[in-house]
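Visitor: Structure provided below as structure tokens; questions to follow.
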Amino acid sequence: MQQKKIDVTVYVPSKTLDSYTYEGVKVQKMLTTEIVKRLDKQTGIYLHLLNIYPFSKDNGWPIYKHIMRCNLPTVMYVHGSEVQKYTARWYEFNYRISDILKWIKRDCFVIPKMKQFFRNQKNNYPFVFPSLWMKEDAEKNLNLTISNYKIIPNGIDTSFFEFKNQVDNRFKIVTIRSLSNKVYDIEKTLEVLENLPEKYTLDIYGEGIYKKHYQSIITAKKLEDRVKIITKFMNRQEMKELFLKYGSFISTTRMDSQGVTMMEAMSAGLLVVTTDNSSKKEFIKNGENGVLGNTALDLSSKIISFTDNENRFEKIVLSGRKSIELIDLSKTVEIEIELLTKVF
């Protein structure tokens, strides 16, 4: 946006004061009460992941209330976590006291407030979603209809994630996931590899509380020689370099509002393999620009089909790259600017 000569300042609710510049963008961390003082009708407000934390100084709710009270021009980009009930992710619930408290906080405190904000705003200013599925999922969780909206996927920096022919690495599979969240369904990822021939390998980059659990599954399935968990958080530059070592990227997430990491892998020339759910069909056409499947066996058989034949592999990954170019960052930002200009 700054390249388009638009002045942007990022405010981050925080318990401590701080300011810095990130890639040329001014970032200011401060109490929500201080942020509120800087928001008026002369300011165009674009909300991203403004979370509600009850009884905390970085609670975003005072900002939402100020926007509603003053009817400030505001567009909200909905990523997913802001509007999803805790019970929407049943697989995370382990019947512990901490889970019950999270459920109460999320479904009984946060979601009603988000519903109030959406009802207040929906006739005035548009909401932006990365996918149609995310919009429909928000409607389901908030139990309301959102008619004033725009679908704008998260833009992918295709010039940064350059396309490389990875045909020689096509039997090497990678995934980059948090190991602290069951939404990523690493169990299914391991099941996919179990159904593949010996020449296929899998590297899992991530860290989290379930690492030992996944390692025990690897051992039980006797996959130690073919599957490795690399405990590391990857920044963008490291991801770019990492993609050059692999030919396929697997994502068996139970839900995705878009799946930015796998889109970046597609941009870099990897064959993306993912479960057929949530928003996936909006970005991946099975057998054309990537692989969609329902079961682990289904996914593994399709991986074999597209990696055993070099020509098929090269054709599908090139198609994948071209499809990601359609949502290149420069194009999606233009659409966002056009929308924001109309509102502000």
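Visitor: Quick one: Ser178 ticks every box in (1) in contact (Cβ under 8 Å) with a residue 60 or more places away in the chain; (2) in contact with a Gly (Cβ under 6 Å, 6 or more places away or on another chain); (3) open to solvent by 40 Å² or more (accessible area, probe 1.4 Å) except a single one, so which number is it?
Guide: If we test Ser178 against (1) in contact (Cβ under 8 Å) with a residue 60 or more places away in the chain; (2) in contact with a Gly (Cβ under 6 Å, 6 or more places away or on another chain); (3) open to solvent by 40 Å² or more (accessible area, probe 1.4 Å), just (1) comes out false.
Visitor: Something else now. Just to be sure I understand, how many residues within segment 125-140 are under 17 Å from Leu50 (Cβ atoms) and touching a Ser or Thr at 6+ places or on another chain (Cβ under 9 Å)?
Guide: Summing the residues that are under 17 Å from Leu50 (Cβ atoms) and touching a Ser or Thr at 6+ places or on another chain (Cβ under 9 Å) in segment 125-140 gives 4.
Visitor: Another question, if that's okay. Identify the residue in segment 17-31 that is in contact with an Asp or Glu (Cβ under 9 Å, 6 or more places away or on another chain) and part of a loop (DSSP other than H, G, I, E, B) and, among all such residues, is surrounded by the fewest Cβ atoms within 10 Å (Cβ to Cβ).
Guide: Among those that are in contact with an Asp or Glu (Cβ under 9 Å, 6 or more places away or on another chain) and part of a loop (DSSP other than H, G, I, E, B), it is Leu17.
Visitor: Let me ask you something else. Given the residues Asn169, Asn124, which is the only one that is open to solvent by 10 Å² or more (accessible area, probe 1.4 Å) and either more than 30 Å from Ile229 (Cα to Cα) or in contact with a helix residue (DSSP H, G or I) (Cβ under 8 Å, 6 or more places away or on another chain) (or both)?
Guide: Asn124
Visitor: Here is a follow-up. Mind checking which residues of segment 127-159 are small (Gly, Ala, Ser) and in contact with a helix residue (DSSP H, G or I) (Cβ under 7 Å, 6 or more places away or on another chain)?
Guide: Matches in segment 127-159: Ser131, Gly155.
Visitor: I'm trying to understand the selection: among the residues of segment 274-311, which are over 22 Å from Arg89 (Cα atoms), in contact with a Ser or Thr (Cβ under 9 Å, 6 or more places away or on another chain) and not basic (Lys, Arg)?
Guide: Listed by number, the residues that qualify are Phe283, Ile284, Gly287, Glu288, Asn289, Gly290, Val291, Leu299, Ile303, Phe306, Thr307.
Visitor: Turning to a different aspect of this structure: Identify the single condition in (1) in contact with a Leu (Cβ under 8 Å, 6 or more places away or on another chain); (2) more than 20 Å from Val273 (Cα to Cα); (3) charged (D, E, K, R) that Arg226 does not satisfy, given that it satisfies every other one.
Guide: Unmet for Arg226, out of (1) in contact with a Leu (Cβ under 8 Å, 6 or more places away or on another chain); (2) more than 20 Å from Val273 (Cα to Cα); (3) charged (D, E, K, R): (2).
Visitor: While we're on this one: Determine if segment 46-67 includes at least one residue that is modelled with pLDDT of 90 or more, surrounded by 13 or more Cβ atoms within 10 Å (Cβ to Cβ), farther than 19 Å from Ile111 by Cα and in contact with a strand residue (DSSP E or B) (Cβ under 6 Å, 6 or more places away or on another chain).
Guide: yes
Visitor: Of Ser323, Ser305, which residue is without any contact (Cβ under 8 Å) to a residue 12 or more places away in the chain and in contact with a helix residue (DSSP H, G or I) (Cβ under 8 Å, 6 or more places away or on another chain)?
Guide: Just one listed residue meets the conditions, Ser305.
Visitor: Same structure again: Output the residue which, of all residues in segment 131-166 that are aliphatic (A, V, I, L, M) and in a loop (DSSP other than H, G, I, E, B), is most open to solvent (accessible area, probe 1.4 Å).
Guide: Leu144
Visitor: While we're looking at this one, here's another question. If you take the residues of segment 313-341 that are of a type in the set (Lys, Arg) and surrounded by 15 or more Cβ atoms within 10 Å (Cβ to Cβ), which of them is nearest to Val128 (Cα to Cα)?
Guide: Lys331
The values are calculated or read from the model by the stated rules, or taken from the named source; none is laboratory data. Since the model is a prediction, treat every value here as computed from it, not as a measurement. In this analysis, Cβ positions are derived from the backbone assuming ideal geometry, glycine residues included, and neighbour counts consider all displayed protein chains. These area figures cover heavy atoms from the full protein model, side chains too; ligands, DNA and RNA do not enter into them. Shrake-Rupley method; radii C 1.70, N 1.55, O 1.52, S 1.80 Å.
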